[in-house]
Each structure stands twice: as C-alpha cells, then as structure tokens.
1. Using unit Cβ charges (K, R positive; D, E negative) and no other charged atoms, how large, in debye to the nearest 20, is the dipole of region 22-114 about its Cα centre?
2. On alpha-carbon atoms, Rg over Rh for region 21-184 using Kirkwood Rh?
3. Would you order ARG90, ARG35 from fewest to most other beta-carbon atoms within 10 Å of each residue's own beta-carbon?
4. Helix 79-95 versus the longest principal axis of the chain: what is the Cα-based angle in degrees, 0 to 90, to the nearest 10?
5. Which of the aspartates and glutamates could a cross-linker span from LYS174 if the Cα-Cα distance has to be under 18 Å and same-chain partners fewer than 8 positions apart are dropped?
6. Based on DSSP, what percent of beta bridges with both residues in region 21-184 are antiparallel, to the nearest 5?
Amino acid sequence: MRLIRSAVLYTALALGANPALAAPDLAPFLQGDMRKLVVADEPAAPLDAVVVDAADAEVPLSDYRGKYVLLNFWATWCAPCRAEMPALDRLQAEMGGDRFAVVTIATGRNPVPAIKDFFADEGITRLPMLRDPKQLLARQMAVLGLPVTVILNPEGREIARMQGDAHWDGPEAKALIAALIADEG
C-alpha cells in the first residue's frame with residue numbers, strides 16, 4: 001500500500017499537480033500598471049543569493065522565505081526608480097507582514113551615504129537598505145535595465161517580473177498582492 005501511495009504521489013508531482021509549485025493565476029489582476037507584469041509559465045528555481053546591508057553585513061534572500069516578496073532592483077541615479085520608491089514604502093507599510101514583504105536592492109554603484117540621503121529626503125522608513133554592489137544578483141536574475149521588480153513566491157521562486165516603474169501603492173497592485181496572500185492561506 002505504501003508503495004502505491006508513493007507511486008501516486010510521484011506521478012502527481014511529475015504531472016504538475018503540486019499546487020505549491022504552480023504559479024497562481026494573476027491574469028484577472030493585470031490591470032492598469034500591472035499590465036506590464038509578465039507572469040511566468042512555471043515558477044523559476046529558488047533563489048539562493050546573498051546581498052549586503054548598509055553596514056556591509058551579508059543578508060541571504062532566504063531570510064524572506066515563507067512569504068511573497070516584491071523584489072525591486074533600483075539605483076540612486078535612476079529617475080524612475082527614485083520616483084517609485086515612496087510607493088513601494090507605502091505598499092510595505094500597508095501590506096507588509098508575515099505573508100508579504102517589499103525588498104529593495106540598490107544594484108551597482110550606489111554609495112551608502114547617497115542611499116541614506118535619498119531615504120531621508122523621501123521619508124522612506126519601511127524599506128530595507130540592501131545592496132548588490134557588484135551586480136552579482138542582478139546578473140544572475142538577468143536584470144538588464146532599471147527598475148526591475150520581481151515577485152517571488154514563499155519558496156523563493158520567481159513567479160512574475162516587471163520592467164519599468166509602477167504605482168505599487170495603487171489599487172491594481174494592492175489587489176494583485178492581496179490575491180497572492182489570499183491564495184497562500
């Protein structure tokens with residue numbers, strides 16, 4: 001009997017019946033700015049990457065496993081990036097918690113004092129000050145321009161990606177995030 005159960009489970013997994021690995025249906029939420037979001041057919045392999053904080057301490061992205069993550073690549077010199085950061089901060093304030101987090105990563109040459117000044121000038125208080133100074137993660141994830149936002153599922157797998165800025169605190173984005181969180185629980 002145990003062998004039969006194992007065979008059935010293996011077959012179900014092989015045929016894609018594992019709901020934990022299935023990409024959620026986001027099509028109904030691709031409205032407004034969210035129309036630019038490209039949903040993956042299959043979740044990508046989990047990320048196993050490390051970035052650094054403002055004090056150069058390593059921060060593994062696996063620290064965020066167990067929740068949906070809106071991973072935003074930005075730079076201090078990128079005007080569209082700077083324009084969307086306050087909206088990302090408001091999204092984190094409103095929806096961040098045990099099941100969702102906004103994680104921003106300054107990629108490339110972004111001096112810590114410039115990041116701190118920008119955060120202070122714009123009142124950014126809820127976003128992490130993470131950096132990818134050598135662009136290792138950005139290259140691993142094929143980030144070719146900025147800003148790029150990637151949505152990771154609770155297993156750390158990429159399920160969607162957007163090139164360019166968006167109103168992340170707008171009703172369309174919040175509806176999409178709410179659907180993800182509801183789907184999880």
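1. For this selection, approximately 300 debye.
2. On the way: Rg = 14.5 Å, Rh = 15.7 Å.
When Rh is taken as the Kirkwood radius, the ratio is 0.93.
3. ARG35, ARG90
4. Computed tilt is about 60 degrees.
5. Within the straight-line limit of under 18 Å, LYS174 reaches these aspartates and glutamates: ASP25, ASP33, GLU84, ASP89, GLU94, ASP98, ASP165, ASP183, GLU184.
6. On the way: 16 of 26 bridges.
Approximately 60 percent, going by the DSSP bridge assignments.
Every read-out reported here was derived from the displayed coordinates using simple, explicitly stated rules and does not represent laboratory data. None of these values were measured; they are calculated from a predicted model. Cβ atoms come from the backbone with ideal geometry, glycine included; neighbour counts cover every protein chain shown.
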